[in-house]
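Q: What follows is a single structure, and I will ask about it in a moment.
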Amino acid sequence: MDAASASIFYEIALLVLLAAGVGFLGLLLRQPLVVAFIAVGVLAGPDALGLVSSVEFIETLSQISIAVLLFLVGLKLDVSLVRNLGKVAVATGLGQVTFTALFGFLICLALGIDWLTSIYISVALTFSSTIIIVKLLSDKQEIGALHGKIALGFLIVQDIFVVLAMVTLSAIGVGLGEDTGGVWEVAQVFLGGAVMVGAVVLFIRYVANPLLARVARSPELMVIFAVGWAASLAALGDFLGFGKELGGLLAGVSLASTEFREAISSRLASLRDFLLLFFFINLGAGLQLSTLGDQIGPAVVLSLFVLIGNPLIVLAIMGFMGYRKRTGFLAGLTVAQISEFSLIFMAMGITIGHVGDAAMGLVTLVGLVTIALSVYMITWSHKLYEICEPWLGLFERRRPHREVEDTQSETDVRGHDFVIFGLGRYGCRIGARLHEQGYRVLGIDFDPEALANWRRMGLDASYGDATDPEFVAHMDLSTVQAVVSAVPRDRGALTEADPQHALLHGLRSANYKGRVFLSVQKAEEIDNLRDQGASVVLTPFDDAADYAVRQLVTQDETQPHQG
């Protein structure tokens, strides 16, 4: 190994180790890796520790990371999925993008930013981080809730807008490139792009499924093929002149209609995160800390706009469409940050020559502030709603017809003996046993698959959310003997949305006088829940362990001891 190679190796090893340390600190603070990675870049940059010297190598890894990231975005853009997007997701997504860009542009102009840079920044403010939002909603077990499903829908709309924005930038870059000597050269690029798109369409129709079916016999080979395919099309896109980004995106789109896209996506997620480390290191190292002081004022204004204005825009759109203020508020909080794509979009603008490093520094500061704070806003969303609820009536129609039709109209409790919230394995077992004894049981959950499984058992099911006190308060529970909650709570999740306390609050609002059975994972919660009105507190794991021990001891006593 020569001296130059050794130097690069030592540098990468040190950067990865530093990233692990900063990432662990971010984990303790409940921060996503994006924030930690940018912080690593700033620390390793010339204005701090000065660890980055292999600039070209890190920049190459940065470009590869963008191609892989856009490949994974392309994997999500299944044509049939896009075609079947709900009207609510499309309307909310387009409305949020439009109003965020418009108001963001006006704010940038008011801050004295030139009109072209204002366009770039305002568009960058429209992107939200799908990775962060999905992770937080999954941790809170709200990915299948009504606001979670709507949020995922308009995130897909945002992803499509990201693609269109980058295609537009690539086209502009082709037109302004120094090595394009005239209209014919530009036409050649677009012709090459059209041929590549046509080839991808043919690949999807005739080759993708049979090829992946053979490759997928070996999971390791499938990963290698996916990476090779993404890199090849990214390189081809760069050769044809419209960029590695769009080439990687087309590679993902070409595999999005196959049944293996989820497996590919999950297996490449770790590689994506590792490579993105170098994009953010490259970004952070390029920031000139001495010039960031002038950006603090505009960054604060734009951060407040993203943290407050974006959720209000979504809340207003969903209220107008007939959703309750609670649903609009919880969905709106998911867009209270900008995305890693915002930074990639600005980087493309710098490459073209439309914006300068100062604009990138400004958007990076906004990203650090909004991502860091929005994590806590989404995590504590229910508590925030309780605080803000008195002032949110403006965003709700007198009769939120769409949500009533989507949820509450299905919840006919009358005629049932028991109501069970949470239709997982434990809830299903309870419901099946009650049904076998001749009782009428209604199951309530916000997971469509759980509802379908419950109905296959021959039981009545209804869509609903135990953490929504308003939903519970509107239920007619006069004929119900007992309400059972088998809703799980993630023990490691930092969330105040305790389904048991929320359900008790809703039952009190409904003036329910019957028995309430709640399941918990930790014994220390029992006394508190009984004080709050629970009749019986179930501890499934402890109960199962007690039963197992009784069986073991009984079995042991019937056998002769071996001395």
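Q: Pick out the one residue from ALA235, ALA199, ALA213 that is touching a Phe, Trp or Tyr at 6+ places or on another chain (Cβ under 9 Å), assigned to a helix (DSSP H, G or I) and at pLDDT 80 or above.
A: Answer to the check: ALA213.
Q: Please identify the pairs in which a residue from segment 117-133 that is over 14 Å from LEU362 (Cβ atoms) has its Cβ atom under 7 Å from the Cβ atom of a residue that is small (Gly, Ala, Ser), counting only partners at least 6 apart or on another chain.
A: What qualifies is THR126/ALA101; PHE127/SER339; PHE127/SER342; SER128/SER339; SER129/SER339; ILE133/ALA151.
Q: Can you pull out the helices (runs of 4 or more DSSP H) entirely within segment 491-563 that have at least 3 residues that are modelled with pLDDT of 80 or more?
A: Hits in segment 491-563: 499-509, 540-557.
Q: I've got another one for you. Restricting attention to segment 355-374, and to residues there that are within 21 Å of the chain's Cα centre (by Cα) and crowded, with 22+ Cβ neighbours inside 10 Å, which single residue is farthest from THR117 (Cα to Cα)?
A: Restricting to residues being within 21 Å of the chain's Cα centre (by Cα) and crowded, with 22+ Cβ neighbours inside 10 Å, the top hit is SER374.
Q: So which residues in segment 386-401 are crowded, with 17+ Cβ neighbours inside 10 Å and in a helix (DSSP H, G or I)?
A: PHE395
Q: Continuing with the same structure: Applying the selection to segment 446-484, what residues are part of a helix (DSSP H, G or I) and farther than 19 Å from GLU436 by Cβ?
A: Hits for segment 446-484 are PRO448, GLU449, ALA450, LEU451, ALA452, PRO469, GLU470, PHE471, VAL472, ALA473.
Q: Can you tell me which of (1) at pLDDT below 85; (2) at negative phi; (3) not aromatic (Phe, Trp, Tyr) is the one GLY322 doesn't meet?
A: (2)
Q: Then there is this: Could you grab the pairs with beta carbons closer than 8 Å, sequence gap of 6+ or different chains, first residue in segment 537-561 and within 26 Å of ARG425 (Cβ to Cβ) and not assigned by TED's automatic domain parsing to the domain that holds ILE526, second one at pLDDT below 80 and of a type in the set (D, E, K, R)?
A: none
The values are calculated or read from the model by the stated rules, or taken from the named source; none is laboratory data. As the structure is a computational prediction, the values presented were derived from the model and not from experiment. Please note: Cβ atoms are built from the backbone with ideal geometry, for glycine as well, and neighbour counts cover all protein chains shown.
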